[in-house]
Amino acid sequence: MSTLPFGTFAWSEQVLAEAAKLTALDRAISLEQAAMLTINPTTAGLLVESRDLPAGAWVVQNAANSGVGRSVIAFAKERGLRTINIVRREELVTELEALGADIVLIDSPDVAVRVRAATGDDPVLLGLDGVSGKATSLLLDVLTDGALLLIYGYMSGEPFTPDQNVLKAKNITTTKFWMYQDEYLPRHPDLGAESARLVAAGKLRLPSAPVYQAKDFAMSCDFRAISGCQRGRTEAAEGSRAWQVQHSVRRSSPRRPIGPPRRGRLATSDTPSRVHRHAISGIWHLHGASFLCTPL
């Protein structure tokens with residue numbers, strides 16, 4: 001089992017890829033985990049490496065329970081860095097500590113005070129913002145003079161509007177991050193391989209949601225609505241071949257080309273949706289939702 005190199009597209013029955021650029025995966029890694037290796041963990045590795053920090057240095061992040069957040073904890077620990085993790089639910093504290101998080105705090109206005117109580121006068125020179133909006137101000141409160149703040153997500157749905165006075169007073173640099181910037185592409189293979197090693201060693205496990213049969217697609221949508229989760233899994237069958245599918249419920253543009261239709265239509269209780277599949281990497285695309293899948 002291996003992952004395809006970046007730029008090898010799979011809207012075809014067969015693809016030709018350069019063998020040297022394939023990433024072989026340990027058989028101990030489940031297909032479900034393997035399907036997620038090249039996005040969130042690679043993003044986390046790039047974020048952690050964005051600043052050259054000495055061992056023992058602190059990194060602060062929000063959205064610490066997300067796939068990226070959990071991966072940041074693992075990558076930071078491998079590099080001898082310590083993490084300050086902001087979450088919204090009390091039950092996540094012990095869970096993330098078990099994964100290797102050094103400090104886990106519940107989101108509240110006094111986060112910076114509690115961080116100082118735990119870290120003393122240690123500088124915090126790298127912040128990772130996956131939420132934006134009002135959540136950014138908490139990270140700015142925690143970061144110290146000369147820090148770098150990377151904005152990689154907008155889970156709040158709010159724009160990035162930091163207090164310019166705070167940025168100037170603390171000499172904080174802010175940068176928007178995208179993993180597919182040209183400067184990051186050379187690191188993708190190595191970070192993908194490191195992600196696979198961490199998963200195989202049990203040091204990283206990416207979160208996922210329940211499994212549904214394709215006939216229960218509407219039920220999976222109900223689960224999303226009730227739980228607020230952004231990801232779920234579906235199982236579909238194509239002839240005698242079963243596929244495990246991980247789908248992202250993020251809306252996609254109807255104008256975006258998504259390749260030729262495959263295998264008819266799948267309908268919810270409201271409107272029918274065409275289904276498309278990547279034959280090799282296993283991507284299903286449903287109008288309104290995208291599916292990442294691997295053969296079982």
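Odds and ends about this structure:
- Residue match in region 72-90 (condition: closer than 21 Å to residue 37 by Cβ and either modelled with pLDDT under 95 or in contact with a Pro (Cβ under 6 Å, 6 or more places away or on another chain) (or both)): no
- Some residue of region 127-135 being in contact with a strand residue (DSSP E or B) (Cβ under 8 Å, 6 or more places away or on another chain), assigned to a helix (DSSP H, G or I), within 21 Å of residue 169 (Cα to Cα) and not aromatic (Phe, Trp, Tyr): yes
- In the set 23, 8, 94, 3, only one residue is assigned by TED's automatic domain parsing to the domain that holds residue 120 and either at pLDDT 90 or above or farther than 22 Å from residue 126 by Cα (or both); that residue is 94.
- Apart from one condition, residue 97 fits all of (1) farther than 23 Å from residue 46 by Cα; (2) free of Cβ contacts under 8 Å to residues at least 24 places away in the same chain; (3) assigned to a helix (DSSP H, G or I); (4) in contact with a strand residue (DSSP E or B) (Cβ under 7 Å, 6 or more places away or on another chain); the exception is (1).
So that you can scan it fast, the table gives a plain yes or no per residue for (1) of a type outside the set (Asp, Glu); (2) touching a His at 6+ places or on another chain (Cβ under 7 Å); (3) surrounded by 17 or more Cβ atoms within 10 Å (Cβ to Cβ):
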residue: 54; (1), (2), (3): yes, no, no
residue: 57; (1), (2), (3): yes, no, yes
residue: 63; (1), (2), (3): yes, no, yes
residue: 84; (1), (2), (3): yes, no, yes
residue: 90; (1), (2), (3): no, no, no
residue: 103; (1), (2), (3): yes, no, yes
residue: 106; (1), (2), (3): yes, no, no
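- Boolean, residue 180 is more than 18 Å from the chain's Cα centre (by Cα) and either in a loop (DSSP other than H, G, I, E, B) or buried (at least 18 other Cβ atoms within 10 Å of the Cβ) (or both): no
- Pairs linking a residue in region 111-123 that is of a type outside the set (Ser, Thr, Tyr) to a residue that is assigned to a loop (DSSP other than H, G, I, E, B) and loosely packed, with under 14 Cβ neighbours inside 10 Å, with Cβ atoms under 8 Å and 6 or more positions apart or on different chains, are 123/145; 123/146.
The values are calculated or read from the model by the stated rules, or taken from the named source; none is laboratory data. Note that this is a predicted model, so its numbers are computed, not measured. In this analysis, Cβ positions are derived from the backbone assuming ideal geometry, glycine residues included, and neighbour counts consider all displayed protein chains.
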